[in-house]
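Comments concern the structure below.
The values are calculated or read from the model by the stated rules, or taken from the named source; none is laboratory data. All values derive from a computational prediction rather than experimental measurement. Backbone-built Cβ (ideal geometry, glycine too); neighbour counts: all protein chains shown. Please note that ligands, DNA and RNA were not included when accessible areas were found on the heavy atoms of the full protein model with its side chains. Shrake-Rupley method; radii C 1.70, N 1.55, O 1.52, S 1.80 Å.
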Amino acid sequence: MIPVHARTGSAPLLLAVALALATGGALAQEDISKVNGGVSAESGQTYRDLSTVNGGIRIGDGVRLRNAETVNGGIRGGDGLQAEDMETVNGGINLGARAQVETLTTVNGGVRLGTDARVGRHIESVSGGVFVDRGGHVGGNVSTVNGAIGLVGTEVAGDVKTVNGDVTIGAGSRVRGRLTIEKPSSNWFPVTINRRNPRVVIGPGAVVDGPLEFKREVTLYVHTSARTGAITGATPIAYDTPRAPQE
């Protein structure tokens with residue numbers, strides 16, 4: 001298993017998934033497990049665990065399951081799926097609209113969520129970006145090491161943090177915790193340093209309730225309609241256009 005941070009509560013979503021699995025009648029299939037080859041879950045069906053080592057995982061619309069895990073391969077899910085944990089090492093995670101999951105973790109790959117997706121706890125990536133589309137909700141933290149973070153009309157209950165990636169807290173988004181860009185150190189996984197400073201944008205109507213802490217040099221744009229906590233380590237550049245200026 002890929003290590004994840006200590007999990008904080010998101011009881012409503014976890015309970016909803018558990019009840020859905022418990023009341024869905026007999027499982028369509030118990031588990032699907034392979035070493036070599038992809039795994040497919042049929043739309044509208046209920047499963048327990050999906051796993052493979054060398055292969056991707058494809059999950060149809062409306063599927064209910066517990067865990068999906070692969071080593072060399074991505075995870076692609078349709079609209080309206082419900083799951084607890086999804087993890088991959090070498091591959092991305094791409095889920096459709098209205099997906100409901102507890103945690104999403106990847107090492108070498110990005111995470112992309114469709115509209116109105118809900119993540120009960122954390123989204124974590126090492127080398128890969130994270131994008132959450134409009135109407136999204138994340139109950140914990142969104143974090144990367146090497147990878148951009150983009151939120152559109154999304155609420156994050158925890159923190160947003162990265163080491164070596166751009167960050168866009170897009171229009172109408174809200175981060176209830178803090179926004180942090182760490183300084184690379186030997187304590188992190190290997191980091192590919194950008195030749196330019198990370199670009200941080202706080203978009204129109206966006207809110208960051210907690211402090212903004214920049215432990216390395218960044219270029220920070222804050223829309224005149226946005227609200228933030230205290231800013232340390234950077235001087236904000238105000239803008240009032242729909243999009244931040246390009247360097």
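Side notes on the structure shown:
- Taking region 229-247 as the range and being β-branched (Val, Ile, Thr), outside any strand (DSSP E or B) and open to solvent by less than 80 Å² (accessible area, probe 1.4 Å) as the test, only 241 passes.
- Residue 168 being touching a residue at least 24 places away in the same chain (Cβ under 8 Å), open to solvent by less than 60 Å² (accessible area, probe 1.4 Å) and farther than 26 Å from residue 105 by Cα: no
- First in region 203-214 and within 15 Å of residue 177 (Cα to Cα), second anywhere and hydroxyl-bearing (Ser, Thr, Tyr) and crowded, with 23+ Cβ neighbours inside 10 Å, Cβ under 9 Å, 6 or more apart: 206/173; 207/173; 208/173
- Odd one out for residue 26 among (1) among the small types (Gly, Ala, Ser); (2) modelled with pLDDT under 95; (3) under 28 Å from residue 175 (Cβ atoms): (3)
- If you go through region 124-161 and keep only what is open to solvent by 30 Å² or more (accessible area, probe 1.4 Å) and in a strand (DSSP E or B), you end up with 127, 131, 137, 155, 161.
- Whether a residue is charged (D, E, K, R), open to solvent by 10 Å² or more (accessible area, probe 1.4 Å) and in contact (Cβ under 8 Å) with a residue 24 or more places away in the chain was assessed, and residue 98 does not pass this test.
- Being within 11 Å of the chain's Cα centre (by Cα) and open to solvent by less than 10 Å² (accessible area, probe 1.4 Å) is a description that applies to residue 106.
- Residue in region 171-183 that is more than 21 Å from residue 230 (Cα to Cα) and open to solvent by 10 Å² or more (accessible area, probe 1.4 Å) present: no
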